[in-house]
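Values in this text are rule-based calculations from the coordinates and carry no lab data. Here the structure is a predicted model, which is why all the values come from computation and not from measurement. Neighbour counts run over all protein chains shown; Cβ positions are idealised from the backbone, glycine included.
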Amino acid sequence: MKKQLLIKNGVVVNEDRQFKADVYIQDGVIQKVGEIDQSSLPNDCPVLDVAGKLLVPGGIDTHTHFQLPFMGTVAVDDFDIGTKASIAGGTTFIIDFVIPSKGESILKAYDQWRKWADEKVNCDYSLHVAITWWSEEVSRDMEILVKERGVNSFKVFMAYKGSFMVTDEEMFHIFKRCKELGAIAQVHAENGDMVHEGQKKMLEMGICGPEGHEMARPEEVEAEATNRAIMIANRVNTPVYIVHVMSKGAAEVISKHKKEGKKVYGEPIAAGLGVDGTHMWNKDWRHAAAYVMGPPIRPDPQTKEVLMDYLASGDLSCVGTDNCTFCADQKALGKDDFTKIPNGVNGVEDRMSIVWENGVNKGKLTPSEFVRATSSAAAKIFNIYPQKGRIDVGSDGDIAVWDPQATKTISASTHHHAVDFNIFEGIQVKGIATHTIVSGNVVWENNTLKTVKGSGKFVPRKPFGCVFDGIVTRDELRNELLRKVDREPYTGPVIVLDK
Ligand code: DUC
Ligand code: ZN
Ligand code: ZN
Ligand code: ZN
């Protein structure tokens, strides 16, 4: 028997248009979009009447760290709980990061992440791979990952000195390799040396609480690294994707380079769009520590507005979360020293509602721009469009039924994360996913999850091939000109200078 679903009376919202339609999904793939005569379908086809609600492509979270071993502990949202929380918020696809230790085989780390995820995911997923060290072996294994394991994105950390951080020289080689392989280079852009010095200074001054976290690594530290990463990528002539853009300064840098024609993408995250960093000054230590992530959420309350404006203009491309959650007892590893507080916040469940609330409800985004920002742009950048990121014939049956009128108050007491704190606690959002459809199955309705652990699939992503051609850097232009130089030697008089 075929697995099927008919969604009746929806308003399909894609990134380019919006129209009334029914949607018929069979065996996980959308077969029909438009007015569908129910009598043309088998009698036993289940029907979901959504009565004028919006149907948006299932959300894509470009940036999660489920069950990440990090800073002496392990993130509590694993691939099961993490993808359940995603689904409860309308997100049907996540891209997590494989993060090998320095010296560790990137293939081995990839296999480990695949095993962790395959056993537990409740929706489809992909993997980015972080490159934390550089060698012949890493270079060779990057090729294997691209050609045989479905990876087309590699991330470097410019921060986390002593663990993940790479040098500019290593970054240059990694970017070059990305270009050769048709993969996209991603960067955690903070100046790791400056972070290190800033942390030392704060501790010397006796500032040991969470508020020291932001003061140790202010905006300039992020903006400088963002600029450097884009400049180095441009030397190599390869596109670059800046993960978790948290500050006005970094967003400005991206916008400037984009206007100059460089291929650069910026990813704001739910935390940066939804809250400000003044919470790190909260008198309650646990509360303050909950907001510690890297790069920091900025204390200037204008930041989230500005980041949303850049998202609306398209200068920032798609929204992730950096979902990397730690409970009170884990955050307490840094109770006497903020540099030891495990960095990370929640976001995967609330991302879409936060973007709707602060984008669409504030008149900054249209519903189609919301779809672009939460799904389609990510699918395009990471080369899985239109399999994901669109409601169309042939696309995967991953859909969120979006009710722009329904409200909820975000709270740790009702969220689906394993973490005991929610950084959006108390925020009321109008616009939520009432139903989430994963691969043609209704797995979230009536506030209830009906997910199947391990049912999600790994989605391989192809390299970009010729997409990266056609961009000319100054170096290439220079080489081109040099090739053209075919000068006659000079044979005229020469002034002899006095000794
Ligand atoms: N930042 C975080 O806050 N957590 C995980 C890794 C990172 O870069
Ligand atoms: Zn990062
Ligand atoms: Zn607070
Ligand atoms: Zn991250």
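Observations, loosely collected:
- Shape call, the chain: gyration tensor on alpha carbons, a/c limit 1.5: oblate
- Contact order, relative form, for the range 376-499: 19 percent (alpha carbon pairs under 8 Å, 6 or more residues apart, mean separation divided by residue count).
- Averaging the sequence gap over all C-alpha pairs within less than 8 Å and six or more residues apart, then dividing by the number of residues, gives the range 339-432 a relative contact order of 29 percent.
- Listed by chain and number, the aspartates and glutamates whose alpha-carbon sits under 12 Å from that of residue 8, ignoring those within fewer than 8 places in the same chain, are 22, 35, 37, 49.
- Straight-line cross-link reach from residue 388 at under 19 Å between alpha-carbon atoms covers these lysines, not counting any fewer than eight positions away in the same chain: 32, 84, 380, 457, 462.
- Contact order relative to length of the chain, as percent, for alpha carbon pairs under 8 angstrom and 6 or more apart: 22
- Of 248/453; 53/283; 248/408; 115/155; 2/453; 3/155, those spanning more than 32 Å from alpha-carbon to alpha-carbon: 248/453; 53/283; 3/155
- Summing +1 for each Lys or Arg and -1 for each Asp or Glu among the other residues whose beta-carbon sits under 14 angstrom from that of residue 83 gives -4.
- Close amide H contacts of residue 415 (hydrogens built in the peptide plane, cut-off under 5 Å, sequence separation of 5 or more or a different chain): none are found.
- Nearest-ten-degree value, helix 303-313 long axis tilted from longest Cα axis of the chain: 90
- The stretch between residue 115 and residue 286 holds 58.3 nm of extra length on full extension. This uses 0.36 nm per residue minus the Cα-Cα distance.
- Between amide H atoms placed 1.01 Å from N, distances below 5 Å from residue 325 occur with 76, 77, all of them 5 or more places distant or on a separate chain.
- Contour excess over end-to-end distance, with Cα ends at residue 102 and residue 43 and 0.36 nm allotted per residue: 15.5 nm
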